[in-house]
Amino acid sequence: MIKSKELHKFDWIQFLKKYGTAIFGLIVFIFFSIAADNFFTVNNQLILLRQMSMLTVVSLGFTFVMAAGGFDMSLGNAAGLINITFGAVLISTNNFILSFLAALIVGITLGITNGLLVAIIGLPDFIATFAVGTITVGIKMLITKGNPMFFPRDVSQAAIFIGQGRIGIIPFPVILMIILVILVAFILEKTTLGRRIYAIGGNKVASQYGGINVKKYRFITFLFSGVFLAIASVMLTSRLGSAQPLAGEDFMLDAIASVFLSTTMFGEGEPRAAGTFVGAFVICMLTNGLTMLNIEYYFQYITKGLVVILSVLTSVYLGGKLNKS
Amino acid sequence: MVYIKQNVIEVKNIGKEFNGVWVLKDIDFDLKPGEIHALVGENGAGKSTFIKILSGVYSQSSGDIYLNGKPIKFSSVKHSESSGIRTVHQEINLVPYFKVYENIFIGSELEKSVAGIKIIDSREMKKRAIEVINRLGVELDVNHITAGINTAMKKIVEICKVLVYNPEIVIFDEPTTALGQEERKSLLNIIKLLKEQGISIIYVSHNLEEIKEIADRVTVFRDGEKVALLQDDEITIDNIICNMLGNKTYNSYTRQNSYIQEEEVLKLEGVTTDLLKNINFCLKKGEILGIAGVVGAGKTEIAKAIFGLDKIKAGSIEVKGKKTTPTPENAIKNKIALVPEERQLQGIISSFPVSKNVTLTYLEKWTKKGILNTSNEFKSTLNYIDRLSIKTQGPEQLVKYLSGGNQQKVVLSRWLVGDFEIGVFDEPTKGIDIKAKEDIYALMDKLSKQGKSIIIMSSYLPELISNCDNIIVMKEGEIVGEFNTRQENLEEKICKVMLGGHKDDKEQRIA
């Protein structure tokens, strides 16, 4: 039997495991609010939300992959290829819908390639997706030689609106982000698809023995990852007003960080849409807050790296401790 | 000239306890220099635990071990190994793309000093490897890539790996599994050769023919106790089986009914996979069919073949007279349920609560246009918790916190949901308590009464005898016997087929 003393300790660990990441985020938030004068203002918070919107969208796609126990290393490098595809089509047609579709096709192709290699053929996800990402680097550099493509002056308003527009005081990317968070939360929590993805992430073998088509569902997660990357890249390019082959490279580490924070969020080891949202918020808040404190830019990389290590460590440590008690 | 040497190992009153349960009780055992001492017993009789104590994996809870007359308590595998005890394990663990001699010296690489830097001494390793191989009287090129040699030769490499340490005592754990008739014979000869070279051997095997052939003495285990020590003429297959089984008390549960009908629901014809050879049998409506065999005999492989998890190389599977391509999806369409052997690995999703585990396979039943109805999921789960008396705090409790028996019931209810017609239950009562076992037996009886057919794989014979209509006996991937359970001395008869003899003798044994 569990004695009352142990029971108390158990609850405490359970609480930390469940809300530790959120509490950490809150502490950092309060710290920045006190330390930096301009941090806790409506204006800065809106900027912060707009900054995080693209990362959140990428991370949502990555959430599908990680929920199924997979990994996608192609995101950061492939973003640039989508940026320039969107830019090139926009410059030549000045049609937002066409450009967006072109970006989507690149994203889908990326997802299909990753899905075929990893889910269907069965290559290790780290290596295969990393290699695919490397190929996209080659393609985008061959096309652009690393030069950005600038939007023409009379560019379609829709192409600007998706990254820079506002509805009332709320930036449009923030609204798009919220819609997508809700959509992903719905898919993951409320549909057969989501349940099966989590089942595969929980135990691939048992899922197969339970009659789930593991290959098919893993394939779908990579497809989602590609589609969400395409949306995020379009938002990014629209925001920058130019198609940058190198923009979006930070997506990789930041998305890993956000989704890892997400897995530690509710103490079940499964990444959820809401968790990913909070995770992306924490990551962007660090960038934003450190900038406000005039701390050198490169220091942000060190901080982000440390946060990833800390979050993984927390989940492993608390998980291990929980199992022993 | 006869002189008496002391025993290399003497074990007195050894016992082993896990969480208050004594799995090994009061074992006396001795090993004379240069003898082959065989250990036999049914699965779970305590052989493995005993060997694990000698090889330092476990330390004993009571009793003493004397090595060459000196008391010793092994604190680790290293300790046991450095004391001169080595084990040739059942599984082959070799690096496929290493050369034979590199595998032989894995972990014990020889080094030489060149200009003060230690480098691997391949020449010396090859020389020593050739010496060891010659000792065994086999021909094997030490430069051969390991992946390219056959299973028997791989086994010999495993033996060489052990021999380079010049051990005094070698434990062989089921060394001949997965070997053919001829290879088996030559391996036995090699073991005899080692004995002549003065190595003392502990030999564990399910194959009683082999034991009869090479053992000087046989210790029989039953239910964690040593029940007999046989030597010379006492070593006969009948005598060993008699001692292994004893006057065993059967389960308190024995099925009284039989609901077997004429209709054939499942038929395997000449099914051959990597591990199965020409499997033929049919399952009738309402039948409970047992599949017996020792670990590794191919029971699980039958389950995998039916469910489409292993590739079928030849033969066909018919469900209700229709040929089917076995895949998990088709199996489910054909209303076949699979309760796998490895509950943790293949059964439950441990990060999921009870409810999500129950609804996993037939999730569509709780969805409308792909959208889940979680409150219905909860209600249905409550219903199954009640029907199978699953002990849990509720549908939302994580399944990993349930006991093994209750986890098994969760996996069962996953399939009950779909109203299956053919249930394939692989070791469904493995590692679960008596109450849960009896619940599962009662459930199987009820299901067969409803006209469902069940195949149950088990290495525990009394379980099959008291639950099944018919029993198929597997050995080395083949069916070696079929029995109706309404006959006397069935366990002894099955044991003879299951443990004794080679597949060549098959016909006469079935007759």
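A few notes on this one:
- Residue in the stretch A:300-309 that is in contact with a strand residue (DSSP E or B) (Cβ under 6 Å, 6 or more places away or on another chain) and either in a helix (DSSP H, G or I) or surrounded by fewer than 20 Cβ atoms within 10 Å (Cβ to Cβ) (or both) present: no
- Checking each residue in the stretch A:17-65 for being farther than 20 Å from A:Gly275 by Cβ and within 13 Å of the chain's Cα centre (by Cα) picks out no residue at all.
- Of all residues in the stretch B:104-148, those that are more than 14 Å from B:Tyr165 (Cα to Cα) and outside any loop (DSSP other than H, G, I, E, B) total 19.
- Unique residue being surrounded by 17 or more Cβ atoms within 10 Å (Cβ to Cβ), at pLDDT below 95 and touching a Pro at 6+ places or on another chain (Cβ under 8 Å) when the list is B:Gly347, B:Gly293, B:Gly298: B:Gly347
- Out of B:Gly116, B:Gly46, one residue alone is at pLDDT below 95 and touching a Leu at 6+ places or on another chain (Cβ under 7 Å). It is B:Gly46.
- Residue check, A:Phe172 touching a Leu at 6+ places or on another chain (Cβ under 9 Å) and aromatic (Phe, Trp, Tyr): no
- Put simply, of B:Ser205, B:Ser200, B:Ser258 the only residue that is among the hydroxyl-bearing types (Ser, Thr, Tyr) and surrounded by fewer than 18 Cβ atoms within 10 Å (Cβ to Cβ) is B:Ser258.
- Conditions (1) modelled with pLDDT under 90; (2) among the small types (Gly, Ala, Ser); (3) on the phi > 0 side of the Ramachandran plot: number failed by B:Ser205: (3)
- Checking A:Val89 against (1) in a helix (DSSP H, G or I); (2) in contact with an Asp or Glu (Cβ under 8 Å, 6 or more places away or on another chain); (3) not hydroxyl-bearing (Ser, Thr, Tyr), the condition it does not meet: (2)
- Considering residues of the stretch A:109-157 that are of a type in the set (D, E, K, R) and assigned to a loop (DSSP other than H, G, I, E, B) only, the residue surrounded by the fewest Cβ atoms within 10 Å (Cβ to Cβ): A:Arg153
- Pairs where the first residue, in the stretch A:70-98, is over 25 Å from A:Val132 (Cβ atoms) and modelled with pLDDT under 95 and the second is charged (D, E, K, R) and in a loop (DSSP other than H, G, I, E, B), C-beta under 8 Å, 6+ apart: A:Asn94/A:Asp154
- The stretch A:283-299, residues that are farther than 10 Å from A:Ala36 by Cα and buried (at least 18 other Cβ atoms within 10 Å of the Cβ): A:Ile283, A:Cys284, A:Met285, A:Leu286, A:Thr287, A:Asn288
- In the stretch B:308-333, residue nearest to B:Ile471 (Cα to Cα) [restricted to those that are at the interface with chain A (Cβ under 8 Å from one of its Cβ atoms) and assigned to a helix (DSSP H, G or I)]: B:Ala331
- Filter result (under 21 Å from B:Lys356 (Cα atoms), small (Gly, Ala, Ser) and part of a helix (DSSP H, G or I)) within the stretch B:404-460: B:Gly404, B:Gly405, B:Ser413
- Elements of type strands (runs of 3 or more DSSP E) contained in the stretch B:225-307, each with 1 or more residues being in contact (Cβ under 8 Å) with a residue 24 or more places away in the chain and of a type in the set (A, V, I, L, M): B:264-272, B:279-284, B:288-292
- Set A:Gly194, A:Gly211: member being of a type outside the set (Ser, Thr, Tyr), closer than 30 Å to B:Trp415 by Cβ, within 14 Å of another protein chain (Cβ to nearest Cβ) and not in a helix (DSSP H, G or I): A:Gly211
- Note on the stretch B:369-395: among residues that are of a type in the set (D, E, K, R) and more than 24 Å from A:Leu193 (Cβ to Cβ), the one that is nearest to the other protein chains (Cβ to nearest Cβ) is B:Lys391.
- Breaking point among (1) buried (at least 21 other Cβ atoms within 10 Å of the Cβ); (2) more than 14 Å from chain A (Cβ to nearest Cβ), for B:Asn280: (1)
- Single residue of the stretch B:1-47 satisfying the filter (among the small types (Gly, Ala, Ser) and either in contact with a Ser or Thr (Cβ under 8 Å, 6 or more places away or on another chain) or surrounded by fewer than 21 Cβ atoms within 10 Å (Cβ to Cβ) (or both)) that is farthest from B:Ser80 (Cα to Cα): B:Gly20
- Residue count, the stretch B:402-427 (criterion: of a type in the set (Gly, Ala, Ser), within 13 Å of another protein chain (Cβ to nearest Cβ) and in contact (Cβ under 8 Å) with a residue 60 or more places away in the chain): 1
- No other residue among A:Phe96, A:Phe31, A:Phe64, A:Phe40 is of a type in the set (A, V, I, L, M, F, W, C) and surrounded by 24 or more Cβ atoms within 10 Å (Cβ to Cβ) apart from A:Phe64.
- Hits in the stretch A:158-181 - residues which are surrounded by fewer than 13 Cβ atoms within 10 Å (Cβ to Cβ) and in contact (Cβ under 8 Å) with a residue 12 or more places away in the chain: A:Ile169
- Each residue in the stretch B:344-360 was checked for being at the interface with chain A (Cβ under 9 Å from one of its Cβ atoms) and either touching a Phe, Trp or Tyr at 6+ places or on another chain (Cβ under 7 Å) or not polar (S, T, N, Q) (or both), and 9 of them qualify.
- Annotation for the stretch A:252-268: at least one member residue is free of Cβ contacts under 8 Å to residues at least 12 places away in the same chain and within 20 Å of A:Arg196 (Cα to Cα).
- Annotation: B:Ile336 fulfils all but one of (1) facing chain A (nearest Cβ under 9 Å); (2) surrounded by 22 or more Cβ atoms within 10 Å (Cβ to Cβ); (3) touching a strand residue (DSSP E or B) at 6+ places or on another chain (Cβ under 8 Å); the unmet one is (1).
- Positions within the stretch B:50-89 being touching a residue at least 40 places away in the same chain (Cβ under 8 Å), of a type in the set (Ser, Thr, Tyr) and either within 27 Å of B:Thr151 (Cβ to Cβ) or part of a helix (DSSP H, G or I) (or both), in sequence order: B:Ser55, B:Thr87
- Flag if B:Trp366 is among the aromatic types (Phe, Trp, Tyr), in contact with a helix residue (DSSP H, G or I) (Cβ under 6 Å, 6 or more places away or on another chain), buried (at least 16 other Cβ atoms within 10 Å of the Cβ) and facing chain A (nearest Cβ under 10 Å): yes
- For the stretch A:247-287, filtered to residues that are acidic (Asp, Glu) and within 14 Å of chain B (Cβ to nearest Cβ), the residue that is farthest from A:Asn44 (Cα to Cα) is A:Glu268.
The values are calculated or read from the model by the stated rules, or taken from the named source; none is laboratory data. Small disclaimer: the values here were computed from a predicted structure and weren't measured. Methodologically, a virtual Cβ is constructed for each residue, glycine included, from the backbone with ideal geometry; neighbour enumeration extends over all protein chains shown.
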